[in-house]
Structures are given as C-alpha cells and as structure tokens.
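Colleague: Would you mind keeping the following structure in view while I ask a few things?
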Amino acid sequence: MEFCLRNKFREIEVVTELPCNNTNKNSGRNSFLKKEILFLSLKFEQEMFQRIQTLYMAGAILTSGFLGYVFPLWKDASGKDFFFMMEVSYLALSGAATALIAMSIISFKNRKQQFVFNRLSIILNLILLGLLIYRSLNLSGETPTVSEKGIGMFLPIFSIVLLALANKAIKKDEDLVKSVDRIR
C-alpha cells in the first residue's frame, strides 16, 4: 500500500493503491480503511487548527463560555459574589454567543458563514455587556464603598476583541483565496 501526499493551497490529496497479490482481500481492505480514516481525521484537525482565527475563536469560547463561571461579575452589599449563572438572561446570552462561536469553528470551510457567525456573536456580547453595565449601575444599595466590580464584567470585551481579530484573519484568508482565483 503506497501513500503519496501532495500539498497544494492547503488541500491535501491522498493517492492509494491496494496490493494486487493479497490473498486475504478483506484484511487488507480493513487495514486500508483504518489508515484512511485515521489520515482523514488528522487532515480535518490540521486544516482546522492551522489557521490563526481558530485560535482566536477558541480563546473567545474560553472567555465567553467558561471564564464567566470562574470569575465573579461583582460583589453585592453583603459581600457575596455574583456570577453569570445567577441570572437567566446572562446565562442565555453567554450560551448563545458561545454556541455561535462553536458553530463558526466547525464551519471552517465556509469563511463567509464563519464571518456572519462571529458578527452575530459580537452583537450578543455587546448586548450582554450593555445588560451588565446597566445592572451594575442600578444595583440596589449601591454606594461607592460597597460594591466591587469583578473581572467577569470585562469578559465580554475580551471576547469581542478576540472575535474581531478572528474576523480580520478570516477576511485576510478570503482575500488571499480571491487573489489566487484571479491568477488562475
């Protein structure tokens, strides 16, 4: 069995030939299928994770999806920490933004769709940031010495910045593909 690997514009092709003199064709076919499935899964991971926008979007998933449950948004008058999960609207917006980013990572072959998903996630993060600011300014019993804003208040901003960087990289990839298509 021979494998030839050709790399051309981030597309990887596999040329395979089965041995002709194999007496047990099923065992050779099964091993061939196992190797091809392994190679195709490695190909999928390589294509997806070799692009910088995937790393930016993974960071955005981390900030909008998981760090909001670790870092508090603020402390109330009694000193109790307030997290994302304590308010349903914050949880829903954060979950929807995280789901859109995950769908954007999965649709790595369709750059326009990736761009749209990231834009929608940016809009959801802006709405979430607006709600957080509104709520923090209207806390009951708010005095300057009582409340402390936590780092969780800034997580939507970090997510927005990472998504903007990802959109910039997606746009750069799209322009590169268009320029290569013009040359052909």
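Just so you know, all these numbers are worked out from the coordinates, no wet-lab data involved. Here the structure is a predicted model, which is why all the values come from computation and not from measurement. Glycine also receives a Cβ, built like all others from the backbone with ideal geometry; neighbour counts cover every protein chain displayed.
Colleague: Taking region 51-96 as the region of interest, how many residues are under 18 Å from LEU137 (Cα atoms), of a type in the set (A, V, I, L, M, F, W, C) and either touching a Phe, Trp or Tyr at 6+ places or on another chain (Cβ under 9 Å) or surrounded by 15 or more Cβ atoms within 10 Å (Cβ to Cβ) (or both)? Don't jump to the end; show me each part of the working.
Modeller: Initially, region 51-96 is screened for residues under 18 Å from LEU137 (Cα atoms), giving 72-84, 86-87, 89-90.
Narrowing further to those that are of a type in the set (A, V, I, L, M, F, W, C): 73-74, 77, 82-84, 86.
Pick out the ones that are also either touching a Phe, Trp or Tyr at 6+ places or on another chain (Cβ under 9 Å) or surrounded by 15 or more Cβ atoms within 10 Å (Cβ to Cβ) (or both) and you get 73-74, 82-84.
Qualifying residue count for the region: 5.
Colleague: Let me ask something else. List the residue pairs whose Cβ atoms are under 6 Å apart, where the first residue sits in region 110-139 and is touching a residue at least 40 places away in the same chain (Cβ under 8 Å), the second is in a helix (DSSP H, G or I) and polar (S, T, N, Q), and the two are 6 or more positions apart or on different chains.
Modeller: If the second residue must be in a helix (DSSP H, G or I) and polar (S, T, N, Q), the pairs left are GLN114/SER104; PHE115/ASN167; ASN118/SER104; ASN118/ASN167; ASN125/SER159.
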